[in-house]
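Okay, structure first, notes after.
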Amino acid sequence: MELIGKVIAVLEARSGVSKSTGNPWKMQDYVIETNEQYPRRMVFNVFGEDKINMFNIQMGEVIKVYFDVNAREYQGRWFNDIRAYRIDHNAEELAAAAPVAAPASPMAPASTAAAAPAAAPAFEAQDSTEDLPF
């Protein structure tokens with residue numbers, strides 16, 4: 001999956017030691033916001049100090065995030081894990097060339113072109129003091 005957006009938050013890095021292997025680990029969370037009529041926000045994480053340094057995600061930059069979604073259970077509750085595996089930093093050119101596609105929603109029409117009327121009817125006010133169409 002992929003999403004283009006502007007980085008609006010870089011959260012504190014977390015680290016620890018694996019209970020099973022004893023190896024150290026590091027993870028950092030980021031928040032991006034899409035540039036749509038109704039902007040969407042998503043928190044994703046980057047796992048591994050090498051990837052955190054390689055991706056070098058900065059506050060305010062527009063990026064394209066390639067990510068996997070997985071769910072896990074902890075003490076009877078389920079949590080989503082959105083983990084980035086690739087980042088494109090030249091997303092500003094991609095976003096300018098093509099608008100960001102919103103994820104399909106069961107409430108949204110299948111095609112915005114088919115749902116839009118061919119031509120909007122012209123409104124003519126009958127009373128000069130009132131400009132509402134209803």
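The values are calculated or read from the model by the stated rules, or taken from the named source; none is laboratory data. All of these numbers come straight from a predicted model, not from anything done at the bench. As a convention, Cβ positions derive from the backbone with ideal geometry for all residues, glycine included, and neighbour counts pool all protein chains shown.
Among the numbered conditions (1) modelled with pLDDT under 95; (2) more than 18 Å from MET1 (Cα to Cα); (3) surrounded by 12 or more Cβ atoms within 10 Å (Cβ to Cβ), the only one that ASP127 does not meet is (3). Given the structure, is TRP25 more than 22 Å from GLY5 (Cα to Cα), surrounded by fewer than 12 Cβ atoms within 10 Å (Cβ to Cβ) and among the hydrophobic types (A, V, I, L, M, F, W, C)? Taking the combined requirement at face value, the residue does not satisfy it. Going residue by residue through the range 38-51, is there one that turns out to be among the small types (Gly, Ala, Ser) and exposed (fewer than 12 other Cβ atoms within 10 Å of the Cβ)? Among the residues of the range 38-51, not one is among the small types (Gly, Ala, Ser) and exposed (fewer than 12 other Cβ atoms within 10 Å of the Cβ), which makes the answer no. Sub-8 Å Cβ pairs linking a first residue in the range 65-78 that is over 15 Å from VAL43 (Cβ atoms) to a second residue that is surrounded by 10 or more Cβ atoms within 10 Å (Cβ to Cβ) and not acidic (Asp, Glu), at least 6 apart or interchain, are TYR66/ALA84; TYR66/TYR85; TYR66/ARG86; TYR66/ILE87, ordered by first then second residue. The set of residues in the range 83-101 being exposed (fewer than 14 other Cβ atoms within 10 Å of the Cβ) and at pLDDT 70 or above consists of TYR85, ARG86, HIS89, ASN90, GLU93.
Within the bounds of the range 70-81, is there any residue that is closer than 14 Å to ILE8 by Cα and either surrounded by 12 or more Cβ atoms within 10 Å (Cβ to Cβ) or among the aromatic types (Phe, Trp, Tyr) (or both)? Within the range 70-81, not a single residue is closer than 14 Å to ILE8 by Cα and either surrounded by 12 or more Cβ atoms within 10 Å (Cβ to Cβ) or among the aromatic types (Phe, Trp, Tyr) (or both).
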